[in-house]
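Engineer: Take a look at the following structure, please.
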Amino acid sequence: MTESSANKPANGNVCHRATNGVKPGRNGFVKNHYLYQQQQQKYCYPEEKVHHVACNGGLYSRPFNESFEETPMLVAVLTYMGYGILTIFGYLRDFLREWKIEKCHIAREREEQKDFVPLYQDFENFYTRNLYMRIRDSWNRPICSVPGAKVDLVERVSHDYNWTFDYTGRVVKDVINMGSYNYLGFAENTGLCAEAAAAVTSKYGVGVSSTRQEMGNLDRHEEMEKLVAKFLGVESAMAFGMGFATNSMNIPALTGKGCLILSDELNHASLVLGARLSGSTIRVFKHNNMQSLEKLLRDAIVHGQPRTHRPWKKILILVEGIYSMEGSIVRLPEVIALKKKYKAYLYLDEAHSIGALGPNGRGVVDYFGLDSRDVDIMMGTFTKSFGAAGGYIGGRKELIDYLRTHSHSAVYATSMSPPVVEQIITSMKCIMGEDGTSVGRERIQQLAENTTYFRRKLQEMGFIIYGNDDSPVVPMMLYMPAKIGAFGREMLKRNIGVVVVGFPATPIIESRARFCISAAHTKEMLDMALSVISEVGDLLQLKYSRHRILPSLDRPFDETTYEENED
């Protein structure tokens, strides 16, 4: 395992120090990470084993540890072989379907339309037909309870190899939920939030049936936006009914032709769509790689627009607080430093980090102890930590006033539902402590403790875990395609609900299970889940890591001992 930490040295340079038992030249380096570069002159300890310690001249006020252990070579080869075998059998089955030997369930062109431009591209659907369908039962499972720490699942079976499902009428009770984004545990049907939402429903009803600019602007909407601005520490804020549309419909209002967008390569689809819809020029930098970002910024300033070489009208940097597939946290202090140096604008998507990071739950800005005024556009969603729906944008008053009249999502979309608004207000006041209790602060602390405990235990067991030590999103690598479905099924047999992810949502050889930790999880629940994960990991041989953390009861909190497992 390789890690990176950010601390302040005497000379303020970047130094690389090895302490974790990974030998130079072997697998185990941080991938797409700006700290690992070929410039050997920056290595303060060139003879030691590789461990990355970033010393960024005081930009960081706390340790910053992230792990991205390289895929073992044998596992990578076997994964490619697995996909190769599936592809060969896929072409064989397509041949059988073409000759009507095997029934084809997927949508296809009719015979009388064979001379038309194809509506359904066969090759585009090849993955769906022959790979996805084999493990389709691992997704879209219907639940019939509150998506809290435990859920109830509707049992279903398939008699045609996952093309269709039949419901048995049985309910699988008390499945430990390790997949929902319920970071602070506010997805609940009892308590203050549920009672407040029920009371508002009785007064206002469920729907508004109008836009904010017409007859759909309620006093609760106004109160919510003032509260969001206060929570974020910005001048003003506005809310939207859908988190995805908050990005995809507002970025086009902020940039256009003649503007440059610099986007992290692992940004969410909503950010990518918004950037494309804007008509701006888009350039992608390597994930969390500050050298890659600075090179693009420098080139943009020096060369300007293509052909004309005129200066860009504006340069907008798009990043996320927590990357939901990697579990990594944006290197925000360095992004802000580059943004100021090159006079660019910064758009920060805090969908997963708001509420889940920072001592006050105010996201990645709070986590690093930075000034929210250094972020030009602060975006986030209410769908995760607040247990509600929708999204927000916060920033200067001039920015928000502009978006109120120019954002398609603000002008044309129906207003947020009153009970959803009340859920946001009540949960946010709880986090801020304005409800007169310490429940919010306790949930933030509990989430941090659960995250540290869960990640530490998985690493001790020998699993390859991606992401930052403080991220409640915990990706555990599965790699091989056959193990994606097998892991999800085996976990559900043992009453643990998990999310498994594969290509094309991830690189083809980096399939994974993604756990989302919640403050609602008790230690007993986590221990039960960890026990089952270890059992299934042994069954499916998922403990790939060659650099295990050795458990020690008397070890100080901030120290780590490693051992390397030789191939």
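Engineer: Of everything in the range 301-359, what is aromatic (Phe, Trp, Tyr) and open to solvent by 10 Å² or more (accessible area, probe 1.4 Å)? Give them in sequence order. It would help to see each step written out before you state the result.
Structural biologist: Filtering the range 301-359 for residues aromatic (Phe, Trp, Tyr) gives 312, 323, 342, 345, 347.
Within the range 301-359, Trp312, Tyr342, Tyr345 meet the criteria.
Engineer: Ok, one more. Out of Val499, Val536, Val532, which single residue is surrounded by 15 or more Cβ atoms within 10 Å (Cβ to Cβ), in contact with a Cys (Cβ under 8 Å, 6 or more places away or on another chain), aliphatic (A, V, I, L, M) and modelled with pLDDT of 95 or more? Lay out the reasoning, then the answer.
Structural biologist: Numbers: Val536 fails: in contact with a Cys (Cβ under 8 Å, 6 or more places away or on another chain); Val532 fails: in contact with a Cys (Cβ under 8 Å, 6 or more places away or on another chain).
On inspection, the qualifying residue turns out to be Val499.
Residue-by-condition table, conditions (1) farther than 16 Å from Lys429 by Cα; (2) open to solvent by 50 Å² or more (accessible area, probe 1.4 Å); (3) touching a Leu at 6+ places or on another chain (Cβ under 8 Å):
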{"position": "Ser202", "(1), (2), (3)": "yes, yes, no"}
{"position": "Ser210", "(1), (2), (3)": "yes, no, no"}
{"position": "Met224", "(1), (2), (3)": "no, no, no"}
{"position": "Val234", "(1), (2), (3)": "yes, no, no"}
{"position": "Met238", "(1), (2), (3)": "yes, no, yes"}
{"position": "Gly241", "(1), (2), (3)": "yes, no, no"}
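Engineer: Then there is this: Being touching a Phe, Trp or Tyr at 6+ places or on another chain (Cβ under 6 Å) and part of a loop (DSSP other than H, G, I, E, B) is the filter here; which residues of the range 470-508 pass it?
Structural biologist: Pro472, the sole residue that qualifies.
Engineer: Turning to a different aspect of this structure: Give the range 509-522 a look and list any residue that's among the aliphatic types (A, V, I, L, M) and assigned to a loop (DSSP other than H, G, I, E, B), or say none. Even if it seems obvious, please write down each step before you answer.
Structural biologist: Within the range 509-522, the subset among the aliphatic types (A, V, I, L, M) is 509, 513, 517, 519-520.
Result: Ile509, Ile517, Ala519, Ala520.
Engineer: Pairs needed: first member in the range 149-175, under 11 Å from Asp137 (Cβ atoms) and modelled with pLDDT of 95 or more; second member anywhere, small (Gly, Ala, Ser) and surrounded by 12 or more Cβ atoms within 10 Å (Cβ to Cβ); C-beta distance under 7 Å; at least 6 residues apart or different chains.
Structural biologist: Phe165/Ser158
Engineer: So which residues in the range 82-114 are open to solvent by less than 100 Å² (accessible area, probe 1.4 Å), at pLDDT 85 or above and assigned to a helix (DSSP H, G or I)?
Structural biologist: To start, the set of residues in the range 82-114 that are open to solvent by less than 100 Å² (accessible area, probe 1.4 Å) comprises 82-87, 90, 92-94, 96-97, 102, 104-109, 113.
With at pLDDT 85 or above added as a condition, the list becomes 82-87, 90, 92-94, 96-97, 102.
Result: Gly82, Tyr83, Gly84, Ile85, Leu86, Thr87, Gly90, Leu92, Arg93, Asp94, Leu96, Arg97.
Engineer: If you check Ala389 against the conditions, is it crowded, with 24+ Cβ neighbours inside 10 Å, modelled with pLDDT of 95 or more and within 23 Å of the chain's Cα centre (by Cα)? Quick ask: steps written out before the conclusion?
Structural biologist: Values: crowded, with 24+ Cβ neighbours inside 10 Å: no; modelled with pLDDT of 95 or more: yes; within 23 Å of the chain's Cα centre (by Cα): yes.
No: the conditions fail for Ala389.
Engineer: If you check Tyr392, Tyr402, Tyr347, Tyr367, which single one turns out to be among the aromatic types (Phe, Trp, Tyr), more than 30 Å from Val474 (Cα to Cα) and touching a residue at least 12 places away in the same chain (Cβ under 8 Å)? Outline the logic, then answer.
Structural biologist: Numbers: Tyr392 fails: more than 30 Å from Val474 (Cα to Cα); Tyr347 fails: more than 30 Å from Val474 (Cα to Cα); Tyr367 fails: more than 30 Å from Val474 (Cα to Cα).
So the residue among Tyr392, Tyr402, Tyr347, Tyr367 that is among the aromatic types (Phe, Trp, Tyr), more than 30 Å from Val474 (Cα to Cα) and touching a residue at least 12 places away in the same chain (Cβ under 8 Å) is Tyr402.
Engineer: Does Ser138 satisfy the criteria of being surrounded by fewer than 17 Cβ atoms within 10 Å (Cβ to Cβ) and in contact with a strand residue (DSSP E or B) (Cβ under 6 Å, 6 or more places away or on another chain)? Write out each step before concluding.
Structural biologist: Values: surrounded by fewer than 17 Cβ atoms within 10 Å (Cβ to Cβ): no; in contact with a strand residue (DSSP E or B) (Cβ under 6 Å, 6 or more places away or on another chain): yes.
No, not satisfied.
Engineer: Could I ask something else about it? In the range 325-335, what count of residues is obtained for those that are part of a loop (DSSP other than H, G, I, E, B) and out of contact with any strand residue (DSSP E or B) (no Cβ under 6 Å at 6 or more places or on another chain)? Walk me through how you get there before you give the answer.
Structural biologist: Going residue by residue through the range 325-335, those that are part of a loop (DSSP other than H, G, I, E, B) are 325-328, 330-331.
If we keep only those that are out of contact with any strand residue (DSSP E or B) (no Cβ under 6 Å at 6 or more places or on another chain) as well, we get 325, 331.
Of the residues in that region, 2 qualify.
Engineer: Let me ask another. Does Ser202 satisfy the criteria of being in contact (Cβ under 8 Å) with a residue 12 or more places away in the chain and among the hydroxyl-bearing types (Ser, Thr, Tyr)? Spell out the reasoning first.
Structural biologist: Values: in contact (Cβ under 8 Å) with a residue 12 or more places away in the chain: no; among the hydroxyl-bearing types (Ser, Thr, Tyr): yes.
Taking the combined requirement at face value, the residue does not satisfy it.
Residue-by-condition table, conditions (1) touching a helix residue (DSSP H, G or I) at 6+ places or on another chain (Cβ under 9 Å); (2) under 22 Å from Arg443 (Cβ atoms); (3) among the charged types (D, E, K, R):
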position: Leu153; (1), (2), (3): yes, no, no
position: Ser158; (1), (2), (3): yes, no, no
position: Ser180; (1), (2), (3): no, yes, no
position: Glu188; (1), (2), (3): yes, yes, yes
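Engineer: Can you list the helices (runs of 4 or more DSSP H) lying wholly within the range 170-281 that have 3 or more residues being of a type in the set (Asp, Glu)?
Structural biologist: Working: elements: 192-204, 219-232, 243-248, 251-254, 269-278.
Qualifying helices (runs of 4 or more DSSP H): 219-232.
Engineer: Just give me the residues in the range 205-215 being small (Gly, Ala, Ser) and within 16 Å of Met242 (Cα to Cα), in sequence order. If you could, list the steps in order and put the result at the bottom.
Structural biologist: First pass over the range 205-215, keeping only residues small (Gly, Ala, Ser): 205, 207, 209-210.
Of everything in the range 205-215, those that are small (Gly, Ala, Ser) and within 16 Å of Met242 (Cα to Cα) turn out to be Gly207, Ser209, Ser210.
Engineer: Specify which of the listed residues (Ser427, Ser415) is in contact with a Cys (Cβ under 8 Å, 6 or more places away or on another chain) and buried (at least 23 other Cβ atoms within 10 Å of the Cβ).
Structural biologist: Values: Ser415 fails: in contact with a Cys (Cβ under 8 Å, 6 or more places away or on another chain).
Only one candidate qualifies: Ser427.
Engineer: Out of the range 158-179, which residues are closer than 30 Å to Ile106 by Cβ and open to solvent by less than 60 Å² (accessible area, probe 1.4 Å)? Step through it out loud before you land on a result.
Structural biologist: The initial filter retains those residues of the range 158-179 that are closer than 30 Å to Ile106 by Cβ, namely 158-170, 172, 179.
Within the range 158-179, Ser158, Asp160, Asn162, Trp163, Phe165, Val172, Gly179 qualify.
Engineer: On to the next question. Those residues that are more than 19 Å from Thr506 (Cβ to Cβ) and surrounded by 22 or more Cβ atoms within 10 Å (Cβ to Cβ), I need them from the range 261-287; list them, please.
Structural biologist: Ile261, Leu262, Gly274, Ala275, Ser280, Phe285
The values are calculated or read from the model by the stated rules, or taken from the named source; none is laboratory data. Small disclaimer: the values here were computed from a predicted structure and weren't measured. Ideal geometry is used to build each Cβ from the backbone, glycine not excepted, and the neighbour counts take in all protein chains shown. The protein model used for the area step is the full one, side chains on, heavy atoms only, and it has no ligands, DNA or RNA in it. Shrake-Rupley method; radii C 1.70, N 1.55, O 1.52, S 1.80 Å.
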